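Quick notes on the structure that follows.
The values are calculated or read from the model by the stated rules, or taken from the named source; none is laboratory data. Keep in mind that this is a model prediction, so the values were computed, not measured. So basically every Cβ, Gly included, is an ideal-geometry build from the backbone, and we count neighbours across all protein chains shown. These accessible areas exclude ligands, DNA and RNA; they are computed on the full protein's heavy atoms, side chains included. Shrake-Rupley method; radii C 1.70, N 1.55, O 1.52, S 1.80 Å.
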Amino acid sequence: MLQSDGEIDEDVSHRIRAGWVKWRQASGVLCDKKVPQKLKGKFYRTAIRPAMLYGAECWATKRRHVQKMSVAEMRMLRWICGHTRKDRIRNDDIRDMVGVAPIEEKLIQHRLRWFGHIQRRPPEAPVRIGILNHFENTRRGRGRPRLTWEEAVKRDLKEWNVSKELAIDRSAWKLAIHRKATSPKLNLISLFLSLSISLCVMGSSIQNPFLQIVEHPDGTITRPYVPESPPNPKDAPVLSKDLTLNPSHGTYVRIYLPADAKSKGQKLPIILFFHGGGFVLFSPKDATYHASCEAMATFVQALVISASYRRAPETRLPGAYDDAVEALSWVRSQAANLATADPWLSTHGDFSKFFMMGSSSGGNIAYQAAVRAKSMDLSPIRLSGVIINQPYFGGVERTKSEEGSVNDPVVPLHSNDMLWRLTLPIGADRDHEFANPMKTTGLAEAVGLGRCMVLGLIGDGLYDRQKVFADMLEQKGVDVVKRLDDTGIHAMELFVPPKAEALFREVREFVHGA
């Protein structure tokens, strides 16, 4: 409902009044001290807030509108809790008592949900014609231009760091705009997020990020935009937070702890995880790996530490290996000094069941870090195993699977070559020990490694090297669990939930059976 001057003040006031009407009708329940606070909050979210937000998806809200809605909501919530402002209880604490997120977040959520619906409609659809078209050459009045709905959406996308291209995939969009999970169980469907943000496969309209890397003559590159997810240290099925590792290198770790384990005071196995990206792309903050680590933490029932590392070409190998060893040393220092350690690790981490894991280039890193760990004093932690998922290796001589990967949807052959060119020490070829340890060293450094699990998928352009790697580990006397019989493509667990579930099932069996 727009006023004659195009503003929404009257509609906002009308919605607030409607909310108070619903609140008074339910006051017998909401003000009953015998009813649990969380149940009152659920009742509020179900019966009262929808009345206040009816039609809000079409509002171009200004600060005064959000403030007005927020003040009305906080009056309701304080009344529900039996407190007034004189009690000097913070708004965030009141919200925690009843489990209600700020209404300003819900306003943005409603608007972005409607925006996603519009984006998925064909261009000729009336809803797109009516909202997205503008009249040109029209004279406007004096003063600041009126805030339009489209401008409000742009502001929301920027504030939440969400790419509008995600809207094409409904499942991904739904996850992206619901910044705080509401379900007590983290369903693996969340991994659909990466279908829209990372790879151009299975009909996705989003380009493969490896194809969007731009090389410059001076040796630098421009990386494509990849959406990021903020950590969520409370009010989520899987809690997460960032801790600084090495400020001079800009490295950090993101820790994931299942909320039910925290509430029960459980001790969980610890997995130090290294993400993929060809040593060039991605980080623990990226939405793809954030969603994957959340799912892994809850499915495996483990405390997951996702470690960042310096990327190429700014820092070529062995920089990433050095950062991995530094992350490993950090975990050891946490175990050695429980009094000053992070409380999630000291309270919920079982350092006697510690594992390293990596996917793609992260698998390469996990292997190299495990080799270096042989000469380190890791006590009091115990490295119980290394999980190497679809490790990224290369070589000058093409394998059969590489020859068939010219048009691979994830790592096409020319992108594969480019990544090694950006990553290896200057002047080195793909038979360097960092890329092809099977040829250069014959995996002599692997002698004495502990239990390992190597996973690969037939159909991955890197499969042949992964199989040779697993076989050679076995020849060196390493206790290897080989999972190389399934089919698929590289990094498939990031965008196909059944593959993610299959991977996490193997990880859970390996971790809890150790």
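Which one of the conditions (1) assigned to a loop (DSSP other than H, G, I, E, B); (2) open to solvent by less than 50 Å² (accessible area, probe 1.4 Å) does K33 fail to meet, given that it meets all the rest?
Unmet for K33, out of (1) assigned to a loop (DSSP other than H, G, I, E, B); (2) open to solvent by less than 50 Å² (accessible area, probe 1.4 Å): (2).
Six or more apart or on different chains, Cβ atoms under 9 Å: show the pairs whose first residue is in segment 90-111 and under 15 Å from I80 (Cα atoms) and whose second is small (G, A, S).
Correct list of pairs: N91/S70; R95/G41; R95/A101; M97/G41; V98/G41; G99/G41; V100/G41.
Can you list residue pairs whose Cβ atoms sit under 9 Å apart, with the first residue in segment 451-475 being within 18 Å of E493 (Cβ to Cβ) and the second being aromatic (F, W, Y) and open to solvent by 20 Å² or more (accessible area, probe 1.4 Å)? Count only pairs 6 or more apart in sequence or on different chains.
G456/Y463; L457/Y463
Collect the residues in segment 259-280 that are without any contact (Cβ under 8 Å) to a residue 60 or more places away in the chain and under 15 Å from W330 (Cβ atoms), keeping them in residue-number order.
None - no residue of segment 259-280 is without any contact (Cβ under 8 Å) to a residue 60 or more places away in the chain and under 15 Å from W330 (Cβ atoms), so the list stays empty.
Restricting segment 351-376 to residues that are open to solvent by 40 Å² or more (accessible area, probe 1.4 Å) and in a strand (DSSP E or B), which is nearest to Y256 (Cα to Cα)?
Across segment 351-376, the extreme among qualifying residues is K353.
Under 9 Å between Cβ atoms, at least 6 apart or on separate chains: pull out the pairs that start in segment 243-258 with a residue that is free of Cβ contacts under 8 Å to residues at least 60 places away in the same chain and open to solvent by 30 Å² or more (accessible area, probe 1.4 Å) and end on any residue that is β-branched (V, I, T) and assigned to a strand (DSSP E or B).
Here the result reads T244/T251; T244/V253; Y252/T244, each pair linking segment 243-258 to a residue that is β-branched (V, I, T) and assigned to a strand (DSSP E or B).
Among the numbered conditions (1) without any contact (Cβ under 8 Å) to a residue 24 or more places away in the chain; (2) open to solvent by less than 10 Å² (accessible area, probe 1.4 Å), tell me where G385 comes up short.
Condition (1) is where G385 drops out.
Take the residues in segment 308-323 that are of a type outside the set (K, R) and touching a Pro at 6+ places or on another chain (Cβ under 9 Å); name whichever of them is surrounded by the fewest Cβ atoms within 10 Å (Cβ to Cβ).
Residues of segment 308-323 of a type outside the set (K, R): 308-309, 312-315, 317-323.
From what is left, the residues that are touching a Pro at 6+ places or on another chain (Cβ under 9 Å) are 308, 317-318.
Details: S308: 23, L317: 23, P318: 16.
Applying the filter and picking the extreme gives P318.
Please find, within segment 283-324, the residue that is nearest to S361 (Cα to Cα) out of those that are hydrophobic (A, V, I, L, M, F, W, C) and within 10 Å of the chain's Cα centre (by Cα). Walk me through how you get there before you give the answer.
So in segment 283-324, the residues hydrophobic (A, V, I, L, M, F, W, C) come out as 287, 291, 293, 295-297, 299-300, 302-305, 307, 312, 317, 320, 324.
Now narrow it down to the ones that are within 10 Å of the chain's Cα centre (by Cα): 287, 291, 293, 295.
Values: A287: 18, A291: 18, C293: 16, A295: 20 Å.
Looking at the filtered set, the residue picked out is C293.
Just to verify a result, which residue in segment 223-242, among those that are open to solvent by less than 20 Å² (accessible area, probe 1.4 Å) and part of a strand (DSSP E or B), is nearest to V331 (Cα to Cα)?
S240
What number goes with the only condition from (1) in a loop (DSSP other than H, G, I, E, B); (2) open to solvent by 40 Å² or more (accessible area, probe 1.4 Å) that A435 does not pass?
For A435, the exception is condition (2).
Kindly provide the set of residues from segment 53-94 that are within 28 Å of A152 (Cβ to Cβ), open to solvent by 80 Å² or more (accessible area, probe 1.4 Å) and assigned to a helix (DSSP H, G or I), ordered by number.
R63, R64, Q67, K68, R75
Among D464, D417, D408, D460, which is the only one that is surrounded by fewer than 16 Cβ atoms within 10 Å (Cβ to Cβ), charged (D, E, K, R) and either in contact with a Gly (Cβ under 9 Å, 6 or more places away or on another chain) or at pLDDT 95 or above (or both)?
On the way: D464 fails: surrounded by fewer than 16 Cβ atoms within 10 Å (Cβ to Cβ); D408 fails: surrounded by fewer than 16 Cβ atoms within 10 Å (Cβ to Cβ); D460 fails: surrounded by fewer than 16 Cβ atoms within 10 Å (Cβ to Cβ).
After ruling out the rest, the residue left standing is D417.
Pairs under 6 Å by beta carbon, first residue within 16 Å of V480 (Cβ to Cβ) in segment 496-511, partner open to solvent by 20 Å² or more (accessible area, probe 1.4 Å), six or more apart or different chains?
Sorted first by the residue in segment 496-511, then by its partner, the pairs are E506/R483.
Check G395, G427 and return the single one that is open to solvent by 30 Å² or more (accessible area, probe 1.4 Å), of a type in the set (G, A, S) and more than 26 Å from A302 (Cβ to Cβ).
Result of the check over G395, G427: G427.
For segment 292-307, what are the residues that are open to solvent by 10 Å² or more (accessible area, probe 1.4 Å) and either part of a loop (DSSP other than H, G, I, E, B) or among the acidic types (D, E) (or both)?
E294, Q301, listed by residue number.
Go over the candidates S183, S190 one by one and state the one that is surrounded by 10 or more Cβ atoms within 10 Å (Cβ to Cβ), modelled with pLDDT under 65 and either of a type in the set (D, E) or part of a loop (DSSP other than H, G, I, E, B) (or both).
Every option except S183 fails the conditions.
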